[in-house]
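Data block below; observations after.
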């Protein structure tokens, strides 16, 4: 049989969303265009590498020529975007209270 407890008999369970009852201030920073451009390049680069791995199809090389200057620039920008994403993820994970 289940016994019903009135409000005074319930065990207090702290709300997980709060900081132990203390007020916490969370700052939310939106991603700017400087953050979105590398994200977009990483998505494009990830899809390209996925196609290289699955079907041996390099879309960047197919569109701009294998080893061409523009292909190398695109690969370089994708690599720089990966480095920037490391910085961005560390910035987003830093605790700001």
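Rundown of residues vs (1) farther than 26 Å from residue 29 by Cα; (2) in contact with a helix residue (DSSP H, G or I) (Cβ under 7 Å, 6 or more places away or on another chain); (3) outside any helix (DSSP H, G or I), yes/no style:
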site: 53; (1), (2), (3): yes, no, no
site: 57; (1), (2), (3): yes, yes, yes
site: 63; (1), (2), (3): yes, no, no
site: 72; (1), (2), (3): yes, no, no
site: 80; (1), (2), (3): no, no, no
site: 86; (1), (2), (3): no, no, no
Checklist line | Verdict on residue 48 being modelled with pLDDT of 85 or more and surrounded by 10 or more Cβ atoms within 10 Å (Cβ to Cβ) | finding: yes
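The values are calculated or read from the model by the stated rules, or taken from the named source; none is laboratory data. Every value quoted in this text rests on a predicted model; they were computed, and no experiment measured them. Reconstructed Cβ throughout: ideal geometry from the backbone, glycine too, with neighbour counts over all protein chains shown.
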